[in-house]
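Let me begin by presenting the structure, written as structure tokens, before commenting on it.
The values are calculated or read from the model by the stated rules, or taken from the named source; none is laboratory data. Nothing here was measured: the structure is a model prediction, and the numbers come from that model. Note that each Cβ is placed from the backbone with ideal geometry, even for glycine, and that neighbours are counted across all protein chains shown. The area values use the complete protein model at the heavy-atom level, side chains included, leaving out ligands, DNA and RNA. Shrake-Rupley method; radii C 1.70, N 1.55, O 1.52, S 1.80 Å.
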Amino acid sequence: QVQLVESGGGSVQAGGSLRLSCAAFGSIFAINAMGWYRQAPGKQRELVARISGSTYYADSVKGRYTISRDNAKNTVYLQMNSLKPEDTAVYYCNVVGTSRSSPFVPREYWGQGTQVTVSS
């Protein structure tokens with residue numbers, strides 16, 4: 001069993017900062033990639049950032065968000081600066097990896113989601 005636990009969400013004013021974290025617990029064997037998605041009310045879920053051998057950022061967050069990873073802790077972070085009201089959404093951690101019970105079959109794991117609210 002692999003579980004992703006997210007933390008760091010909350011409410012901030014426009015221009016503020018927030019740091020999200022996501023830690024993988026349980027029978028994790030190997031992690032190939034970690035990333036963050038977000039979904040705002042009435043909108044589709046979108047990929048915000050991802051880190052593997054390289055990093056990817058959505059155009060809407062480039063220059064403001066930074067994704068990082070601590071392999072020893074199986075944790076991924078999302079540093080969000082210069083936040084805008086448009087960033088308001090539920091943020092979901094996503095991990096592509098394998099479990100100890102199935103070390104040869106990669107699959108996706110999802111966090112429970114954490115609310116980020118940015119006020120004007």
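Below, the figures for the structure above:
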{"quantity": "Residues satisfying the stated conditions in region 22-45, i.e. touching a Phe, Trp or Tyr at 6+ places or on another chain (Cβ under 6 Å) and open to solvent by 30 Å² or more (accessible area, probe 1.4 Å)", "calculated": "TYR37, ARG45"}
{"quantity": "Selection from region 49-69 of residues that are under 13 Å from the mean Cα position of the chain (by Cα) and either of a type in the set (Asp, Glu) or closer than 14 Å to SER21 by Cα (or both)", "calculated": "ALA49, ARG50, ILE51, TYR65, THR66, ILE67, SER68, ARG69"}
{"quantity": "Residue check for VAL95: touching a Lys or Arg at 6+ places or on another chain (Cβ under 6 Å), closer than 14 Å to GLY113 by Cα and in a strand (DSSP E or B)", "calculated": "no"}
{"quantity": "Residue among SER82, SER102 that alone is on the phi > 0 side of the Ramachandran plot, outside any helix (DSSP H, G or I), out of contact with any Pro (no Cβ under 9 Å at 6 or more places or on another chain) and of a type in the set (Ser, Thr, Tyr)", "calculated": "SER82"}
{"quantity": "Members of region 79-120 found to be free of Cβ contacts under 8 Å to residues at least 60 places away in the same chain, touching a strand residue (DSSP E or B) at 6+ places or on another chain (Cβ under 6 Å) and not small (Gly, Ala, Ser), listed by number", "calculated": "ASP87, THR88, VAL90, GLU108"}
{"quantity": "Qualifying residue in region 41-55 (condition: in a loop (DSSP other than H, G, I, E, B), in contact with a Gly (Cβ under 9 Å, 6 or more places away or on another chain), of a type in the set (S, T, N, Q) and at pLDDT 95 or above)", "calculated": "no"}
